[in-house]
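The values are calculated or read from the model by the stated rules, or taken from the named source; none is laboratory data. Just so we're clear, the structure is a prediction, and the values are computed from it rather than from any experiment. Here the Cβ positions follow ideal geometry from the backbone for every residue, glycine too, while neighbour counts run over all protein chains shown. Keep in mind that these areas ignore ligands, DNA and RNA; they rest on the heavy atoms of the full protein, side chains included. Shrake-Rupley method; radii C 1.70, N 1.55, O 1.52, S 1.80 Å.
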Amino acid sequence: MKTILLKKLSYENWRGQSQSLDFDLHNIISGRNKSGKSTAFNAFLWLMTGADDMDRQNYQIFDNTRPMTFENKKTSRVEALVEIEGQEFMLGKTATPGWMRKRGSSVYEKKSSDDYSFSVDGIEYSAGDYKKFIEDNIAPLDKLKLMLNIHHFLSLDWKTLRKYFEDVVGEINDSDMSGDYSVIKDLLAKYNYDTDNIRKVLRTQVNAIKDVMG
């Protein structure tokens, strides 16, 4: 098992916010609603996986309170200092609104996609090489999303989750299910084996815990 530590996270013009955060071994991010907690979390998720906490790829990276024009475009950047097995790496990712001007025209038009760049320790990487670095040194993206994002975990069906668990512990047999599962058994009986309802109940409980923690 690898030891991986997040030591610093900074972002600039990311969803209209800029911040720099330093981390120790144990940290709590707290604040009022709309104070930036989710922004910090989503900036980190985007840097690591390309998606936000709802698993939306490159979603609302830019300040959506400003009209999107070529003149007021701003580059969004996220960086994180990550220690992997005692070695520090500075991961970076930028997004720039994509604009183009047709030949002979003075008017800029929005492109269908934005422009992205990636770096490790200041060295520019292609998107594919950056993904490979993350997967080789931290974890495959599908498993990384599970580790970092409880919302993504709760969105998956039980068959998919079972497959992930089997990847970690091996094939699960009935004989392995020898623990106390009375809580799950009670929920199954209460909601007539409706796993969607059970997932909503568990999600509500997780959100309640998150609210208490700030």
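The table that follows gives values for the structure above.
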{"item": "Debye equation applied to the C-alpha atoms of the chain, log10 I(q)/I(0) at 0.07, 0.10, 0.17, 0.18 Å⁻¹", "result": "-0.30, -0.58, -1.31, -1.39"}
{"item": "Size of electric dipole in segment 60-144: Cβ of Lys, Arg +1 and of Asp, Glu -1, about Cα centre, debye, nearest 20", "result": "820 debye"}
{"item": "Translational diffusion of segment 40-105, µm² s⁻¹ [Kirkwood Rh, Cα pairs; Stokes-Einstein; 37 °C; 0.692 mPa s]", "result": "235 µm²/s"}
{"item": "Most to least accessible of Lys159, Lys110, Lys145, Lys74 (protein chains only, probe 1.4 Å)", "result": "Lys159, Lys74, Lys110, Lys145"}
{"item": "Magnitude of the charge dipole, the chain, Cβ model with Lys/Arg +1 and Asp/Glu -1, debye to 20", "result": "1160 debye"}
{"item": "Positive-end residue, the chain charge dipole about Cα centroid, Cβ charges, pick of Tyr191, Thr65, Gly104", "result": "Gly104"}
{"item": "Solvent exposure, largest accessible area first (probe 1.4 Å, DNA, RNA and ligands not counted), of Trp46, Trp158", "result": "Trp158, Trp46"}
{"item": "Per residue value of the accessible surface for the chain (all protein chains in place, 1.4 Å probe), Å²", "result": "67 Å²"}
{"item": "Exposure of Leu25 as accessible area (Å², to 10), given a probe of 1.4 Å and all protein chains", "result": "130 Å²"}
{"item": "Carbon/sulfur fraction of accessible area - the chain, other protein chains in place, 1.4 Å, %", "result": "51 percent"}
{"item": "Cα shape, segment 104-153, gyration tensor, a/c 1.5 rule", "result": "oblate"}
